[in-house]
Amino acid sequence: MPFLGFITRSRYHAMGVASLSLLVPGFGLFFSLAIIALATLLHGVKEGIGVGVGTVFLTVLWLWFFSQALVTFHLPWHLSLIFMVVVACGALRSGISWGNLLAAFATLAAIGIAIVHIQLPDSAEYRNQALFGDLPSMDLPEIGTPEGAGTSEAPIDPDADNAVMPIDLRSLPLVGIFMTTIVILLLLTMCMARYAQAALVNPGGFGREFRTLDLGRRFTTGTLVLLSVAVVLSSDPESGIFWDLFILASSIYIVQGIALAHALAKTYRLQGTWLFLMYAGIFLGPFLLPGLALLVHMGLLLAGISDTWIDYRARLARKA
């Protein structure tokens, strides 16, 4: 792969591409972190720190010369992400399993959620206002909603099939969504970097590793106990800590469900179409077919949780 060869040619190549990636809106942060992660996986933590610090330094220079940048660079935030990526890659390089790595990410995120709720024990509206500032309400009209619905001339009928109900972002469990987003960002960064490393030195190695991802029975038991305690501690069922933790827990077990699906596809030599349909249901389904997307997510969630006890992959291996 010429592009990977260019990035890994030297530390300065990696720093330059990673810093330029940070200036790209959207996926720029993801690609920049993946390059730093790849440097760490290939050459160790010291190299990862060097590439990370150099990337930040070059990015600050770019933004100083080109003040009309399309992205917002927040130094403490980017340094924190780089630090977490380098540490995680160092752990993965030392032999930690993907399941334990994901469990560590989730544990740190759960601790962060708990700290926020301890420091800001009030309602979700107050907590989100303090953390994220002013948040607007969103109207999500369905197809076929009469023009002008929701106004004084055409008020919304709550009982109508196509009723449009405003969503107040301040009432959502944004702390859990934010922490889960960080966990998924770190996980995707690690996957991207590990895949690139395998393409360079160990073709097919990433797939073999990812298909064995297992969070384990002890972690799952602890997760269920924690969620049960969170239900009791949540004074307000709609805005308490439970929903923040539930979003986090659901996401990581969906990841295990995805790993299980890849293992089944490999064992039974299923065509890639099945995996494509699964990912389409995960990412496109919420926008096109919400009901089907919910079934896909729930199926992966239940498969991931049950796999920690039943261990479908080991059973299939014994039968093979």
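The values are calculated or read from the model by the stated rules, or taken from the named source; none is laboratory data. The structure displayed is predicted, hence computed values, not measured ones. Every residue, glycine as well, gets a Cβ built from its backbone with ideal geometry; the counts of neighbours run over all protein chains shown.
For the reader, a short list of remarks on this structure follows.
- Put simply, of His297, His262 the only residue that is surrounded by 15 or more Cβ atoms within 10 Å (Cβ to Cβ), in contact with a Pro (Cβ under 9 Å, 6 or more places away or on another chain) and without any contact (Cβ under 8 Å) to a residue 60 or more places away in the chain is His297.
- Residue among Gly26, Gly90 that is part of a loop (DSSP other than H, G, I, E, B) and under 27 Å from Thr180 (Cβ atoms): Gly26
- Among the numbered conditions (1) loosely packed, with under 13 Cβ neighbours inside 10 Å; (2) more than 21 Å from Leu215 (Cα to Cα), the only one that Gly281 does not meet is (1).
- Considering segment 1-23, and only residues there that are among the small types (Gly, Ala, Ser) and in a helix (DSSP H, G or I), the residue that is farthest from the chain's Cα centre (by Cα) turns out to be Gly5.
A quick yes/no check of all residues on (1) in contact with a helix residue (DSSP H, G or I) (Cβ under 9 Å, 6 or more places away or on another chain); (2) under 19 Å from Trp98 (Cβ atoms); (3) β-branched (Val, Ile, Thr); (4) part of a helix (DSSP H, G or I):
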site: Ile258; (1), (2), (3), (4): yes, yes, yes, yes
site: Ala263; (1), (2), (3), (4): yes, yes, no, yes
site: Phe276; (1), (2), (3), (4): no, no, no, yes
site: Gly291; (1), (2), (3), (4): yes, no, no, yes
site: Asp307; (1), (2), (3), (4): yes, yes, no, yes
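- Filter result for the condition that a residue is touching a helix residue (DSSP H, G or I) at 6+ places or on another chain (Cβ under 9 Å), assigned to a helix (DSSP H, G or I), at pLDDT below 90 and under 30 Å from Leu120 (Cβ atoms), over Phe242, Phe246: Phe242
Residue by residue, here is whether (1) under 16 Å from Asp307 (Cβ atoms); (2) surrounded by fewer than 17 Cβ atoms within 10 Å (Cβ to Cβ) holds:
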| position | (1), (2) |
| --- | --- |
| Met179 | no, no |
| Met190 | no, no |
| Ala198 | no, no |
| Pro203 | no, yes |
| Arg208 | no, yes |
| Gly216 | yes, yes |
| Thr223 | yes, no |
| Gln256 | yes, no |
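- Considering each residue of segment 96-103 in turn, none proves to be within 21 Å of Leu226 (Cα to Cα) and at pLDDT below 85.
- Residue within segment 259-269 that is at pLDDT below 90 and not basic (Lys, Arg) present: yes
- Residue among Ala110, Ala88 that is assigned by TED's automatic domain parsing to the domain that holds Gly216 and either modelled with pLDDT of 80 or more or β-branched (Val, Ile, Thr) (or both): Ala110
- Test: residue in segment 215-233 that is assigned by TED's automatic domain parsing to the domain that holds Arg318, in contact with a His (Cβ under 9 Å, 6 or more places away or on another chain) and closer than 22 Å to Ile177 by Cβ: yes
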